[in-house]
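Visitor: Below is a structure I'd like to ask you about.
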Amino acid sequence: MQKIELLAPAGNLEKLIIAFDYGADAVYLGAKKFSLRNLADNFSLDDLKKAKDIALKKDKKIYLTLNIFPYNEDLEELPEFIEKHKKFCDAFIISDAGIINLCKEIAPEIPLHLSTQANTTNYLSTKFWYNQGIKRINLARELCLNDIKTIREKVPEVELEVFIHGAMCMALSGRCLLSNFLTGRASNKGECTHPCRWKYYFIEETRPNQIFEINEDNRGIYLFNSKDLCGIFYLKDLIEIGVNSLKIEGRMKSIYYVANVIRVYRRAIDEYYENPENFKIKNEWLEELKLVSHRDYTKGFFEKRNNIDTQNIESSKYIRNADFVGVIVGIDNKKITIQARNKILIGEKLQIITQDFKNYDIIINEAYDLNNNKLEVIQPNMLFIIPRKDLWLNKNAILRRINFLK
Ligand code: SF4
């Protein structure tokens, strides 16, 4: 049986390597131009060549985002951009009809995936896009399982991709100009500053200097405040409906976020295929998803389209139950070399997470710099060495500090 694809975000080359290492089948990424998430690092042409080499060796796929809504002046550089980048990706992700035509002219051999920005919500538009030469459609996040099932049945020939985890917009995905209006940064050009999560007040026309607090309840207002999607509960339904790819949001997230979310979904997908009848969501997976930085989770719209539970009435703040503190960059029989990403104190209790879903508690009792000097404290970005002892680890295992395990 062809397994459903697990599609991960890759904001840069390091995140791509981690995503593949922790079990993604494919990644989506942006080049320096024409991609949403312009505030992510993104890929130079050189990075993209390296990414393609890595993907080929691991038999993984790369999808390049070209999903801005361009203005006329954006179009000039596009033909050359497509020509230069087409060799290094397995599909273009697009949302603009003009770019679709341009890709078909310049790179007819590269499959086209329609971005969620195109807001495909029904089988007629799915069919329409398929007839335009679109191979895969990332459906609008605002659909329920029944909607997805009907689209699958009515248009069996197109590949369907569904967002299963990560941040959501309070507007129909991407149809929002709050960021453009308030900060001059265009969300449809990948520069959203997330003003939907800011605090708002109320002013009456004739009293311009008087600012009123608006309170839906005693904690404030939640007009624009969306929770983060956690759709793992619907994994079995989505596989059995015949969805082809499950997409994780988050090109701006840390490598720890990518690693941990991907390893949870990898484990869940593999366990489903091992024993579909007895498949159950495990508590340990949910616990791990709570250990990455997130806003309160919602099950999204999979059960019903107008689910008001997607609105966050608790807080718009991120929940950080664990901090990313380091990544293993080298390992031999005697020692482990780690790149710190946060300050680490000697004697503190940390945890190492691995690609094969194991967690090891460790106490860093001794650490050395690369010249073998003993360290009293480890600063962010420093390379340091600890004795290996009997830890069974691979490169790219990640160190975290669990905040409630003081
Ligand atoms: S401001 Fe919020 S709702 Fe609007 S595009 Fe940005 S993230 Fe989405």
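Visitor: To the nearest 10 square angstrom, what accessible area does Lys149 show with a 1.4 Å probe?
Guide: Surface accessible to solvent at Lys149 totals approximately 90 Å².
Visitor: If you don't mind, there's one more thing I want to ask. Tell me the per residue accessible area of the chain using a 1.4 Å probe; a whole number in Å² is fine.
Guide: Values: 19640 Å² over 406 residues.
Result: 48 Å² of accessible area for each residue.
Visitor: Can you give the charge dipole size of the chain about its Cα centre, rounded to the nearest 20 debye, using +1 on the beta carbon of Lys and Arg and -1 on the beta carbon of Asp and Glu?
Guide: Details: 60 positive and 55 negative charges, 149 e Å.
Approximately 720 debye in magnitude.
Visitor: Also: Would you work out what percent of the accessible area of segment 242-341, with all protein chains in place, is carbon or sulfur (probe 1.4 Å)? Don't skip to the answer; put the middle values down first.
Guide: Working: 2010 of 4500 Å².
After summing per-atom areas, the C and S share lands at 45 percent.
Visitor: Return the carbon/sulfur percentage of the accessible area of segment 19-92, one whole number, probe 1.4 Å, all protein chains in place. Don't skip to the end; give the middle numbers.
Guide: Details: 1600 of 3430 Å².
Of the solvent-accessible surface of segment 19-92, carbon and sulfur hold 47 percent.
Visitor: Let me know the shape class of segment 48-123, please: from the alpha-carbon gyration tensor, a ≥ b ≥ c as square roots of the eigenvalues, rounded when a/c is under 1.5, otherwise prolate if a/b is greater than b/c, or oblate. Before the final figure, lay out each step's value.
Guide: On the way: a/c = 2.17, a/b = 1.34, b/c = 1.62.
Note, shape of segment 48-123 comes out oblate.
Visitor: Still on this structure: Hey, which lysines would be in cross-link range of Lys349, C-alpha to C-alpha under 22 Å, not counting anything within fewer than 8 residues on its own chain?
Guide: Within the straight-line cut-off, Lys349 pairs with Lys290, Lys334, Lys335, Lys358, Lys374, Lys389, Lys395, Lys406.
Visitor: Determine Rg/Rh for segment 322-402; Rg is computed over alpha-carbon atoms and Rh is the Kirkwood hydrodynamic estimate from the same atoms. Could you put the intermediate results ahead of the total?
Guide: Working: Rg = 11.3 Å, Rh = 12.3 Å.
We get a ratio of 0.91 for segment 322-402.
Visitor: Then there's this: Please report the carbon-and-sulfur percent of the accessible area for segment 98-137; probe 1.4 Å, protein heavy atoms only, DNA, RNA and ligands left out. Walk me through the intermediate numbers first.
Guide: Numbers: 980 of 1780 Å².
C and S atoms contribute 55 percent here.
Visitor: Sticking with this one: Taking amide hydrogens as modeled 1.01 Å from N in the peptide plane, which residues meet the under 5 Å criterion relative to Asn67, leaving out close sequence neighbours?
Guide: Sorted by chain and number, the residues that satisfy this are Leu36.
Visitor: As a test, work out the antiparallel percent of DSSP beta bridges whose residues both lie in the chain, rounded to the nearest 5. The partial results should precede the final answer.
Guide: Numbers: 34 of 64 bridges.
In the chain, approximately 55 percent of DSSP beta bridges are antiparallel ones.
Visitor: From the phi of every residue in segment 372-385, what ³J(HN,Hα) in whole Hz does the Karplus formula 6.51 cos²θ - 1.76 cosθ + 1.60 yield, where θ is phi - 60° and glycine or proline is x?
Guide: 6, 7, 5, 9, 8, 8, 10, 8, x, 6, 6, 8, 9, 10
Visitor: Given a Förster distance of 56 Å, report the FRET efficiency between Asp309 and Asn373 from their Cβ-Cβ distance, rounded to the nearest 0.05.
Guide: Numbers: r = 53 Å, r/R0 = 0.95.
For R0 = 56 Å, the calculated efficiency reads 0.55.
Visitor: Related question: Using the reciprocal of the averaged 1/r over all distinct C-alpha pairs, how large is the Kirkwood radius of the chain in Å?
Guide: Numbers: mean 1/r = 0.0439 Å⁻¹.
Every distinct Cα pair counted, the radius reaches 22.8 Å.
Visitor: Which sequence of Thr206, Thr116, Thr183 reflects their accessible areas, 1.4 Å probe, from the largest down?
Guide: Values: Thr206 105, Thr116 10, Thr183 55 Å².
In descending accessible area the options line up as Thr206, Thr183, Thr116.
Visitor: Let me ask something else. Can you sort Trp198, Trp285, Trp129, Trp392 by 1.4 Å-probe accessible area, starting with the largest?
Guide: Numbers: Trp198 120, Trp285 0, Trp129 40, Trp392 185 Å².
Ranked list, largest accessible area first: Trp392, Trp198, Trp129, Trp285.
Visitor: Just subtract the alpha-carbon distance of Asn342 and Phe279 from 0.36 nm times their residue separation and send over the number in nm, one decimal.
Guide: Length difference between fully extended and current span is 18.9 nm.
Visitor: Just how large is the dipole of segment 322-402 about the Cα centre, in debye to the nearest 20, putting +1 at every Lys and Arg Cβ and -1 at every Asp and Glu Cβ? Don't skip to the end; give the middle numbers.
Guide: Numbers: 12 positive and 9 negative charges, 17 e Å.
Dipole magnitude for segment 322-402 comes out near 80 debye.
Visitor: Please give the charge dipole size of segment 41-107, origin at the Cα centre, charges +1 on K and R Cβ atoms and -1 on D and E Cβ atoms. Round to the nearest 20 debye. Show your work: numbers first, answer last.
Guide: Values: 11 positive and 14 negative charges, 130 e Å.
Taking the Cα centre of segment 41-107 as origin, the dipole is about 620 debye.
The values are calculated or read from the model by the stated rules, or taken from the named source; none is laboratory data. Worth saying up front: this structure is predicted, and the values here are computed from it rather than measured. For neighbour counting, all protein chains shown are included, and Cβ atoms are generated from backbone atoms with ideal geometry for every residue, glycine included. The area values use the complete protein model at the heavy-atom level, side chains included, leaving out ligands, DNA and RNA. Shrake-Rupley method; radii C 1.70, N 1.55, O 1.52, S 1.80 Å.
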